[in-house]
Number of protein chains: 2
Amino acid sequence: MTKKNALYCQSGGVTAVINATACGVIETARQHADEIGTVYGAKNGIIGVLREELIDTAHESDADIAALRHTPGGVFGSCRYKLKDLTEQRKEYERLVEVFKAHNIGYFFYNGGGDSSDTAYKVSKIADEMGYPVACIGVPKTIDNDLPITDTCPGFGTTAKYIAVSIKEASLDVESMAESSTKVFIMEVMGRHAGWIAAAGGLAGQTHDDPPQIILFPEIPFDETAFLDRVKHSVDQYGYCSVVVSEGVRYPDGRFLADAGTRDAFGHAQLGGVAPVLANLVREKLGYKYHWAVSDYLQRSARHLGSATDVQQAYAVGKAAVDLALQGRNSVMPVIRRLNDSPYEWDIAVAELKDMANVEKMLPRDYITEDGFGITDKCRRYLQPLIEGEDYPPYSRGLPKYVRLKKVLAEKKLPNFDV
Amino acid sequence: MTKKNALYCQSGGVTAVINATACGVIETARQHADEIGTVYGAKNGIIGVLREELIDTAHESDADIAALRHTPGGVFGSCRYKLKDLTEQRKEYERLVEVFKAHNIGYFFYNGGGDSSDTAYKVSKIADEMGYPVACIGVPKTIDNDLPITDTCPGFGTTAKYIAVSIKEASLDVESMAESSTKVFIMEVMGRHAGWIAAAGGLAGQTHDDPPQIILFPEIPFDETAFLDRVKHSVDQYGYCSVVVSEGVRYPDGRFLADAGTRDAFGHAQLGGVAPVLANLVREKLGYKYHWAVSDYLQRSARHLGSATDVQQAYAVGKAAVDLALQGRNSVMPVIRRLNDSPYEWDIAVAELKDMANVEKMLPRDYITEDGFGITDKCRRYLQPLIEGEDYPPYSRGLPKYVRLKKVLAEKKLPNFDV
């Protein structure tokens with residue numbers, strides 16, 4: 001049997017640690033050079049496979065690959081491009097297998113969320129049908145923490161740490177200013193469907209009195225009166241109020257607050273965010289001075305505040321993906337299994353891709369306090385270990401030393417294909 | 001001569017390192033217990049002095065005072081309350097001196113920006129007039145970096161580091177996504193009048209091709225056509241565009257972009273930010289998918305990313321303030337004097353409060369590139385050392401260990417005074 005090559009592909013929104021997974025894949029593959037030939041990285045995700053744009057990682061030094069462990073963003077490029085139905089988009093799936101054949105790919109590592117599991121699963125099926133079997137291994141990634149089965153998703157822990165640290169710091173600021181100035185601080189966080197990231201804000205406080213005093217989850221319909229009462233109560237009691245709000249919070253009728261019909265001077269609809277909508281409400285109804293922040297991409301790229309747990313897990317799933325491929329497994333994903341809460345103990349288990357695909361794990365109702373504005377002890381026990389440990393990048397001249405790869409493309413062997 | 005007490009007061013917007021200055025003041029005073037009695041911290045700034053709400057720091061342990069060095073926010077509380085004219089607000093000034101007398105205050109440390117220098121100067125004058133001389137020492141602080149004479153302002157270096165690191169990280173993210181999704185990322189930063197904080201974003205890039213590709217300064221009137229051309233050029237050339245924008249950017253007619261007349265669904269004017277206004281413009285005129293962030297208070301409380309240079313300087317001005325008071329100086333402020341760019345060398349010099357008051361130091365035109373969208377080498381040489389060195393807080397269970405003081409109030413000795 002000739003030695004097969006490997007193809008690694010980043011998919012969907014990137015995270016601060018997805019490159020740690022890439023590092024785990026490439027370093028582990030390099031340790032098995034007798035079994036795995038070249039490791040290619042798809043340029044801009046699955047689009048790059050369709051276009052036959054494969055980055056040959058053999059041109060990258062060991063030191064540069066090692067530096068991926070502490071470099072945020074998606075080093076090979078990612079994409080939002082969902083391959084849907086095998087019938088509807090059969091041409092695309094067949095193209096993928098053609099590219100695999102042309103470059104002797106025997107191992108396909110697809111690093112993404114629920115959609116990506118679905119794609120990897122279908123790729124594996126069609127490759128089989130076409131008589132060119134490939135080990136299709138999904139590798140988990142998403143700051144949204146909404147994949148089933150796995151204890152957590154690499155990328156989430158660092159985002160969670162960033163959110164908890166940020167709201168803790170900003171709350172100290174607003175508390176200092178509240179007597180004569182800003183009384184309400186609102187921080188908007190990601191998580192359009194599931195409130196995991198918003199919940200992480202709750203880790204900033206250890207007691208009921210600690211900020212944030214209010215968390216708004218996408219799972220809980222927005223109750224304007226209850227929210228305003230709570231803000232007022234907090235300002236009365238503590239002098240200020242600190243709020244973490246998910247971008248996905250909705251009115252009881254299902255509309256997003258972020259799409260509240262905000263218009264610019266020309267009457268054009270203005271999209272997002274929810275933080276200014278809430279701030280305006282606070283001003284109109286309670287008259288408090290406010291500040292608001294939208295951390296947006298900062299929260300998913302803040303590698304400077306990496307959770308050591310998260311970085312270790314991101315690397316571990318990359319390593320495990322290669323190990324699984326070498327064991328001849330197919331259509332599977334290495335996942336994280338929790339063995340103990342405190343001290344946190346975990347190992348790597350294996351899930352079937354078909355079980356990972358297209359299932360969103362929402363925040364359970366018993367992770368949210370009865371009043372809907374905070375997290376329960378059960379939630380805290382779950383979240384706490386995920387932000388633990390500090391994994392700092394190296395610095396030079398005051399800035400983190402993030403690596404840029406050479407990204408040399410392999411020679412194309414097939415006709416062009418329009419994507 | 002009986003031993004006099006000291007009063008330390010935080011003023012205006014707080015910073016990530018203003019407590020490092022408090023630490024410098026209190027630790028240095030404790031080393032001179034033979035000359036300085038109790039150190040009081042004014043609760044919520046000058047308002048607390050007027051109300052005779054003085055926190056007795058003798059109740060705080062050495063360990064807790066030492067922990068102020070790495071704790072953001074304003075530990076005693078700050079305020080936005082400007083004492084204006086000596087004639088108009090004579091009653092307030094006289095009240096301050098009454099409180100000084102009642103608590104045997106011989107040293108008054110006022111930690112703030114330009115307005116605060118003005119206040120401290122006037123307090124010193126009226127105390128003299130009233131025959132109760134007090135050593136009034138200003139201590140510099142502001143993330144805006146807009147004080148005259150001093151090389152930089154404690155608080156700015158850490159904010160600058162946060163902005164440079166954040167835009168560097170987020171740019172890696174948008175670059176990864178740009179092929180099929182977000183092409184433009186816009187990060188709004190503080191600095192309503194002076195572009196120092198926006199300029200710090202420029203440190204993220206080492207070469208002309210590095211992000212951010214565009215910086216918008218309050219000193220440069222917004223040219224919509226030139227901006228959009230530049231965004232398009234960047235997307236054409238690099239695949240994406242990363243923008244740092246100051247909240248203080250204005251149209252040529254002087255209106256803030258942030259006050260661009262945005263209305264909510266009910267037709268109410270919605271205040272700030274400039275990032276969504278620009279994002280909307282990019283979408284309307286160029287059709288690119290965008291993301292935007294407003295870091296707001298996060299940028300001035302991000303002690304987790306402290307600049308070692310900034311922390312050292314913040315402590316040093318606190319220490320120097322006490323030393324100056326003990327030397328019998330009055331109406332002065334310790335400032336930072338630059339001796340060399342690289343390696344950065346600095347020491348503490350002394351400025352007169354009257355020269356510090358009410359002067360805003362703007363970004364010089366030759367710190368901004370000719371096209372108005374970037375920083376020059378001269379600016380880079382100035383800014384670079386201010387973000388250097390990492391001064392991490394200690395962590396426990398994944399979060400920085402920020403201290404909370406006991407904040408025991410001294411017994412009041414005077415009748416109430418309405419503020």
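Name the residues in segment B:177-222 that are assigned to a strand (DSSP E or B) and among the β-branched types (Val, Ile, Thr), would you? Can you show your working first?
First, pick out the residues of segment B:177-222 that are assigned to a strand (DSSP E or B): B:184-189, B:214-216.
Within segment B:177-222, B:VAL184, B:ILE186, B:VAL189, B:ILE214, B:ILE215 qualify.
When segment B:277-296 is examined, which residues are found to be surrounded by 23 or more Cβ atoms within 10 Å (Cβ to Cβ) and in contact with a Ser or Thr (Cβ under 8 Å, 6 or more places away or on another chain)?
Correct list: B:VAL277, B:TYR290, B:ALA293, B:SER295.
On the given criteria, is A:TYR107 more than 30 Å from A:TYR382 (Cβ to Cβ), hydroxyl-bearing (Ser, Thr, Tyr) and more than 12 Å from chain B (Cβ to nearest Cβ)? Walk me through how you get there before you give the answer.
On the way: more than 30 Å from A:TYR382 (Cβ to Cβ): yes; hydroxyl-bearing (Ser, Thr, Tyr): yes; more than 12 Å from chain B (Cβ to nearest Cβ): yes.
Yes, satisfied.
Any residue in segment A:338-349 that's surrounded by fewer than 15 Cβ atoms within 10 Å (Cβ to Cβ): show its pairings with residues that are modelled with pLDDT under 95 at Cβ separation under 6 Å, as long as the two are six or more apart or on different chains.
So the pair list comes out empty.
Name the residues in segment B:350-396 that are surrounded by fewer than 15 Cβ atoms within 10 Å (Cβ to Cβ), of a type outside the set (D, E, K, R) and in contact (Cβ under 8 Å) with a residue 24 or more places away in the chain, would you?
B:ASN358, B:VAL359, B:MET362, B:TYR392, B:PRO394
Just to check your reading of the model, which residue among B:ARG329, B:ARG300 is closer than 30 Å to B:GLU247 by Cβ and of a type in the set (D, E, K, R)? Walk me through how you get there before you give the answer.
Values: B:ARG329 fails: closer than 30 Å to B:GLU247 by Cβ.
Sole residue among the options that is closer than 30 Å to B:GLU247 by Cβ and of a type in the set (D, E, K, R): B:ARG300.
Could you tell me which of the residues B:VAL294, B:VAL277 is free of Cβ contacts under 8 Å to residues at least 24 places away in the same chain, among the aliphatic types (A, V, I, L, M) and within 30 Å of B:GLU179 (Cβ to Cβ)? First the steps, then the outcome.
Details: B:VAL294 fails: free of Cβ contacts under 8 Å to residues at least 24 places away in the same chain.
Result: B:VAL277 is the single residue among B:VAL294, B:VAL277 that is free of Cβ contacts under 8 Å to residues at least 24 places away in the same chain, among the aliphatic types (A, V, I, L, M) and within 30 Å of B:GLU179 (Cβ to Cβ).
Which members of segment B:231-272 meet the condition of being crowded, with 22+ Cβ neighbours inside 10 Å, within 13 Å of another protein chain (Cβ to nearest Cβ) and either part of a strand (DSSP E or B) or at pLDDT 95 or above (or both)?
B:TYR240, B:SER242, B:VAL243, B:VAL244
Do we find that B:GLY37 is away from every other protein chain (no Cβ under 14 Å) and touching a Lys or Arg at 6+ places or on another chain (Cβ under 7 Å) in this structure? Even if it seems obvious, please write down each step before you answer.
Values: away from every other protein chain (no Cβ under 14 Å): yes; touching a Lys or Arg at 6+ places or on another chain (Cβ under 7 Å): yes.
Taking the combined requirement at face value, the residue satisfies it.
Just for segment A:179-205: of the residues that are at the interface with chain B (Cβ under 9 Å from one of its Cβ atoms) and surrounded by fewer than 24 Cβ atoms within 10 Å (Cβ to Cβ), which one is modelled with the highest pLDDT?
Looking at residues that are at the interface with chain B (Cβ under 9 Å from one of its Cβ atoms) and surrounded by fewer than 24 Cβ atoms within 10 Å (Cβ to Cβ), I get A:ALA204.
Go through segment B:1-119 and tell me which helices (runs of 4 or more DSSP H), entirely inside it, have 3 or more residues that are surrounded by fewer than 24 Cβ atoms within 10 Å (Cβ to Cβ) and among the charged types (D, E, K, R). Quick ask: steps written out before the conclusion?
On the way: elements: B:18-31, B:46-50, B:62-67, B:90-102.
Counting at least 3 such residues, we get B:90-102.
Of all residues in segment A:273-302, which are within 7 Å of chain B (Cβ to nearest Cβ) and touching a strand residue (DSSP E or B) at 6+ places or on another chain (Cβ under 7 Å)?
Of everything in segment A:273-302, those that are within 7 Å of chain B (Cβ to nearest Cβ) and touching a strand residue (DSSP E or B) at 6+ places or on another chain (Cβ under 7 Å) turn out to be A:PRO276, A:HIS291, A:TRP292, A:ALA293, A:VAL294, A:SER295, A:ASP296, A:TYR297, A:LEU298.
Test B:THR225 against the criterion of being surrounded by fewer than 22 Cβ atoms within 10 Å (Cβ to Cβ) and over 24 Å from B:ALA258 (Cβ atoms), and give yes or no. Steps first, answer last, please.
Details: surrounded by fewer than 22 Cβ atoms within 10 Å (Cβ to Cβ): yes; over 24 Å from B:ALA258 (Cβ atoms): no.
No: the conditions fail for B:THR225.
Looking at segment B:125-144, is at least one residue within 14 Å of chain A (Cβ to nearest Cβ), at negative phi and either assigned to a strand (DSSP E or B) or surrounded by fewer than 24 Cβ atoms within 10 Å (Cβ to Cβ) (or both)?
no
Any chance segment A:219-227 includes a residue that's polar (S, T, N, Q) and either touching a Cys at 6+ places or on another chain (Cβ under 9 Å) or not assigned by TED's automatic domain parsing to the domain that holds A:PRO276 (or both)?
Just the residues of segment A:219-227 that are polar (S, T, N, Q), to begin with: A:225.
Among the residues that remain, those that are also either touching a Cys at 6+ places or on another chain (Cβ under 9 Å) or not assigned by TED's automatic domain parsing to the domain that holds A:PRO276 (or both) are: none.
Checked against the condition, which is being polar (S, T, N, Q) and either touching a Cys at 6+ places or on another chain (Cβ under 9 Å) or not assigned by TED's automatic domain parsing to the domain that holds A:PRO276 (or both), segment A:219-227 yields no hits at all.
How many residues are closer than 18 Å to B:GLY41 by Cα and either more than 12 Å from every other protein chain (Cβ to nearest Cβ) or modelled with pLDDT of 95 or more (or both) if we restrict to segment B:71-92? So that I can check it myself, show each step before the final result.
So in segment B:71-92, the residues closer than 18 Å to B:GLY41 by Cα come out as B:71-81.
Filter again for either more than 12 Å from every other protein chain (Cβ to nearest Cβ) or modelled with pLDDT of 95 or more (or both), leaving B:71-78.
Looking only at that region, the number is 8.
Return yes when A:ILE197 is farther than 19 Å from B:SER166 by Cβ and touching a helix residue (DSSP H, G or I) at 6+ places or on another chain (Cβ under 7 Å) and no when it is not. Walk me through it before giving the result.
Values: farther than 19 Å from B:SER166 by Cβ: no; touching a helix residue (DSSP H, G or I) at 6+ places or on another chain (Cβ under 7 Å): yes.
Against the criterion (farther than 19 Å from B:SER166 by Cβ and touching a helix residue (DSSP H, G or I) at 6+ places or on another chain (Cβ under 7 Å)), A:ILE197 does not qualify.
Can you pull out the residues in segment A:400-419 that are in contact with a helix residue (DSSP H, G or I) (Cβ under 6 Å, 6 or more places away or on another chain) and either on the phi > 0 side of the Ramachandran plot or within 11 Å of another protein chain (Cβ to nearest Cβ) (or both)?
Listed by number, the residues that qualify are A:PRO400, A:VAL403, A:VAL419.
The values are calculated or read from the model by the stated rules, or taken from the named source; none is laboratory data. Model, not experiment: these values are computed from the prediction. Positions of Cβ are generated from backbone atoms using ideal geometry, with glycine treated the same way; all protein chains shown enter the neighbour counts.
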